[in-house]
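Structure record follows, encoded as structure tokens.
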Amino acid sequence: MSTAESSSPALLLACLCAAWCPTCVSYQQAFQALAAQHPEAHLVWIDIEDHADALEDGDEDIPDIENFPTLLLLRDGQPVFHGTVLPHAQVAERLLQQAPSLRPLADAPVRALARAVAGLAEDQALRVG
């Protein structure tokens, strides 16, 4: 592993959306373009209805996704951002730029969501870009 690889955190940015949401549909193209600009990060598009079972893991207190788009940013597997954002690529771009300095979130439900999303992100079909 090179020095550059070892000093930069592994980033996963997930957009949690729904196919029926017109805002999500219009945001998807911008999110895909962002993936092309950030090869150091894995970007995934997760339809919360298609993957409801994984996002509603019985014993875990995973928060409901009620507003769109909702972004979840993981650095080295730890959530550092979770929230609904304006559907502009610049917002996600800024999150990726700030990722190294963001502190891990301690909220147990968000950490549970992060585990579920990390599992889903292993599916290459969900990868963007």
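Across the range 74-90, what is the total count of residues that are of a type in the set (A, V, I, L, M, F, W, C) and exposed (fewer than 15 other Cβ atoms within 10 Å of the Cβ)?
The total comes to 1.
With respect to Pro104, determine if the residue is outside any helix (DSSP H, G or I), without any contact (Cβ under 8 Å) to a residue 40 or more places away in the chain and crowded, with 20+ Cβ neighbours inside 10 Å.
Taking the combined requirement at face value, the residue does not satisfy it.
Just need a number here: residues in the range 32-47 that are touching a residue at least 40 places away in the same chain (Cβ under 8 Å) and assigned to a strand (DSSP E or B).
Qualifying residue count for the region: 6.
Conditions tested, residue by residue: (1) modelled with pLDDT under 95; (2) touching a helix residue (DSSP H, G or I) at 6+ places or on another chain (Cβ under 9 Å); (3) within 23 Å of Ala19 (Cα to Cα).
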{"site": "Asp47", "(1), (2), (3)": "no, yes, yes"}
{"site": "Ala52", "(1), (2), (3)": "yes, no, yes"}
{"site": "Asp57", "(1), (2), (3)": "yes, yes, yes"}
{"site": "Ile65", "(1), (2), (3)": "yes, yes, yes"}
{"site": "Thr84", "(1), (2), (3)": "no, no, yes"}
{"site": "Pro104", "(1), (2), (3)": "no, yes, no"}
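Spot the failing condition for Gly129; the list is (1) at positive phi; (2) surrounded by fewer than 14 Cβ atoms within 10 Å (Cβ to Cβ); (3) not hydroxyl-bearing (Ser, Thr, Tyr), and only one is missed.
(2) is the only condition that Gly129 fails.
Exactly one of these conditions fails for Asp61: (1) in contact with a helix residue (DSSP H, G or I) (Cβ under 6 Å, 6 or more places away or on another chain); (2) of a type outside the set (A, V, I, L, M); (3) modelled with pLDDT of 90 or more. Give me its number.
With respect to (1) in contact with a helix residue (DSSP H, G or I) (Cβ under 6 Å, 6 or more places away or on another chain); (2) of a type outside the set (A, V, I, L, M); (3) modelled with pLDDT of 90 or more, Asp61 is out only on (3).
Looking at the range 20-40 only, could you name the residues that are surrounded by fewer than 17 Cβ atoms within 10 Å (Cβ to Cβ), of a type in the set (Ser, Thr, Tyr) and either touching a Phe, Trp or Tyr at 6+ places or on another chain (Cβ under 9 Å) or at positive phi (or both)?
Thr23
If you go through the range 48-80, how many residues are closer than 16 Å to Glu122 by Cβ and part of a strand (DSSP E or B)?
Selection size over the range 48-80: 2.
Could you figure out which of (1) surrounded by fewer than 13 Cβ atoms within 10 Å (Cβ to Cβ); (2) modelled with pLDDT of 95 or more isn't true of Glu5?
Failing condition for Glu5: (2).
The values are calculated or read from the model by the stated rules, or taken from the named source; none is laboratory data. Owing to the predicted nature of the structure, the values given are computational and were not obtained by experimental measurement. When we count neighbours, we look across all protein chains shown, and the Cβ atoms used for this are built from the backbone with ideal geometry, even at glycine.
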